[in-house]
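See below for the structure under consideration.
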Amino acid sequence: MKIALYLGSFNPFHNGHLEVVKTALNDFKMDKVIIVPTMQNPWKEEKVLDINKRIQIIEISLWLIEYNNRSFPLTEISNIEKELIPPYYSYATLHALKNKYCNDEVFVLVGSDTMKDIPNWMHGEAIIQDYNFLIVDRPKNSISSSSIREILRTRNKMDAYYSDKKLA
């Protein structure tokens with residue numbers, strides 16, 4: 001089986017992430033995409049939404065994927081990092097997943113922007129050497145998770161100054 005491992009904070013999981021999953025299934029002809037939300041990205045200091053809530057958002061979002069009239073059999077959410085010892089570096093997560101799926105052909109699914117950063121990760125060069133990658137360009141009209149969080153923060157601040165009647 002050809003499996004794509006899609007690691008990230010997914011804080012929040014959004015349409016751009018869904019497009020990456022669809023690309024892996026449709027264009028790269030993966031048999032399955034395993035989405036692996038990190039417990040806490042060791043490179044980001046900001047607090048992420050609780051992992052269980054992020055998994056719930058991902059589960060709901062995956063219902064939107066249709067591929068040959070099937071959805072969930074083609075995707076899976078892994079909470080393998082709950083079994084790992086912090087800090088949660090991708091190298092350790094990928095190693096655990098590679099062992100779990102040792103009888104399958106495993107690929108790491110990343111956006112082109114993320115691929116540029118991998119050499120700077122803990123054991124980044126080893127990750128590049130040890131794994132095959134599927135690299136997907138960010139959709140032209142997508143918005144990043146950090147932009148979504150900023151919009152939500154700004155919206156919450158604006159709500160203090162404007163009533164719904166003024167915004168309508």
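Close amide H contacts of I35 (hydrogens built in the peptide plane, cut-off under 5 Å, sequence separation of 5 or more or a different chain): Y6, E76, I77, S78. In the structure shown, the pairs K47/K82; K32/K100; K82/K116 are assessed against 20 Å; a Cα-Cα span above that value is assigned to K82/K116.
Modelled spin labels at I85 and K47, positioned 7 Å past Cα toward Cβ, are 2.7 nm from each other.
Bear in mind these aren't lab numbers, they're just calculated from the coordinates by the rules spelled out. Since we're looking at a predicted model, the values are computed, not measured. Don't worry about glycine lacking a Cβ; one is built from the backbone with ideal geometry, like all the others, and counts go over all protein chains shown.
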